[in-house]
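The values are calculated or read from the model by the stated rules, or taken from the named source; none is laboratory data. Please read these numbers as outputs of a predicted model, since none were measured by experiment. Here the Cβ positions follow ideal geometry from the backbone for every residue, glycine too, while neighbour counts run over all protein chains shown.
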Amino acid sequence: MGESGVKSRVAFILVDGLGDVGIPSLGFKSPVEAAKTPNLDALASGGISGLMDPVEPGLGCGSDTAHLSLLGYNPRIYYRGRGAFESLGAGLAMVPGDIAFKSNFATIDEETGVVTSRRADRHFEEAGPILCAALNGLKLPSYPEYKVSVRYATEHRCGVVVSGPGLCGNISGSDPLKDHRLLLKVKPLDDTKEAAHTANVVNELSDVIRGILRNHPLNAERLKQGKAIANLVLLRGCGIRIDVPNFMDIHGLRPCMVAPTKIIAGLGLSLGIDILDAPGTTGDYRTLLTNKAVAIAKALAAPLAPPPNVFVPGEEETKPGHADGYDFGFLHVKAIDDCGHDKAMKLKVKAFESVDRMVSQLARLLLQAQKESGIQYSICITGDHSTPVEYGDHSYEPVPFTICHVNDLVKAKGGEDVVLAADLAPFNLPNAADAARAEIVPYESSVNAKAVAGDSVATFGEIAAARGCLGRFTGSEMMGVIKHYMAINAASV
């Protein structure tokens, strides 16, 4: 809230794997630079931009450490493994002393011990819950005092929690990290008895899981259908639930999040961020982006709108969110990262165009709420890391960052009528097969666009952002930039 007493709220869009490199077939543009994104360009035209290193320059980071950094938590201090995030997000409750894993259903050659596929199947939403139910509550013959909980997450992933005495998170994982490599034995990462004991427990857990999956009738049926069997769960990112100050206590902003990707939802829960219910959002290529925009806009528009439903880990029912609304609405888009990992260049370009369409819907909803309530809204968009399609994995390139007041977005778009004309019909990301057949012509229509406010940047992308007034900065500085910009928005009324 600014000195004028006017409330200021922000919709924060995090595009997972946003960053990329120049691609020859795109005229050495990155996928987001080649995509037709008039709404993202309008954000840049009306706002301020910069290039951001999510953790630090030259570091290729994971989503978990990057998100901690961006939200104001130094990962070198607070990070304790990603397993707890995945398991919490999947709905498994954790208490101090428990360990958890970010886990993949995978395929192993039983004779050689070689992991032939680290992802049994990206489309695992039917088989995953069935196999998780078979694993949940399994018994470890040598360690009967330990409880094992397993719950399906998204795509090929599940959360695994082990509860019992004397466990610690300082162990390696079983994941070889690449296909066609031997399954790894879990090892202690220090000389303590707890680490050695935990490694023994987890190795037995891996063996017991393989035995259950090997004999499961679902895998026999998948084999008949010519599908990859899921006869292994890779256990990686062993972690404990972190104990940190709440986001609101640090930043003075009441936060909410739409993140069907369970590891991101679990991270949000660990920071005291409410996880909103958004039907039809899946955390993969099939997600309904419109429903993410609607959920965030509704949460930021309260108390005009009814409070949204909030996810509670370990419970089947949701609870109502805060009736007086949220100040910081976090909207996570995972599919762009999947495009990078799948080396699907055309799909990444087309997926950015879908994100652009979602931005137009969010802008309309926030402008409507602003006109009704007087609350001043901003929209911010950035990424957590680069996932170049040329590499198929995370890399260290900085990502573009832009933040814009809705009022200035209206100027860049040519008036309120243009923003309010956005079509709110729900839509999905483009079909991968259709995108692969599409002819990609790098977008040029906004090259001569002019900035209407903020700095001189008028397009959204890596090279344009480098000219922004924010320069190049680290993720640890991001929340300070956002809060300062929100204060300016409130004070300008």
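Pairs are defined by a Cβ separation below 9 Å, a sequence spacing of at least 6 or placement on different chains, a first member in the range 330-347 that is within 13 Å of Arg122 (Cα to Cα) and in contact (Cβ under 8 Å) with a residue 12 or more places away in the chain, and a second member that is assigned to a helix (DSSP H, G or I) and of a type in the set (Val, Ile, Thr); the pairs so defined are Ala335/Val355; Cys339/Val349.
Counted as qualifying within the range 1-80 are the helices (runs of 4 or more DSSP H) with 1 or more residues that are surrounded by fewer than 24 Cβ atoms within 10 Å (Cβ to Cβ), touching a residue at least 12 places away in the same chain (Cβ under 8 Å) and in contact with a helix residue (DSSP H, G or I) (Cβ under 9 Å, 6 or more places away or on another chain), namely 38-46, 63-70, 75-78. Put simply, of His405, His385 the only residue that is modelled with pLDDT of 95 or more, closer than 16 Å to Val15 by Cα and assigned by TED's automatic domain parsing to the domain that holds Gly46 is His385.
Residue-by-condition table, conditions (1) closer than 30 Å to Val21 by Cα; (2) in a helix (DSSP H, G or I); (3) at pLDDT below 95:
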position	(1), (2), (3)
Val310	no, no, yes
Glu316	no, no, yes
Tyr326	no, no, no
Arg357	yes, yes, no
Ser360	yes, yes, no
Arg364	no, yes, no
Ala369	no, yes, no
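Screening Phe101 against (1) within 20 Å of Ile263 (Cα to Cα); (2) part of a loop (DSSP other than H, G, I, E, B) leaves a single unmet condition, (2). Only residues that are closer than 20 Å to Asp41 by Cα and touching a Gly at 6+ places or on another chain (Cβ under 7 Å): list them for the range 306-364, please. Residues satisfying the conditions are Ile336, Lys348. With respect to the conditions (1) in a helix (DSSP H, G or I); (2) closer than 30 Å to Arg254 by Cα; (3) touching a residue at least 12 places away in the same chain (Cβ under 8 Å); (4) not small (Gly, Ala, Ser), Ile379 falls short on a single one, namely (1).
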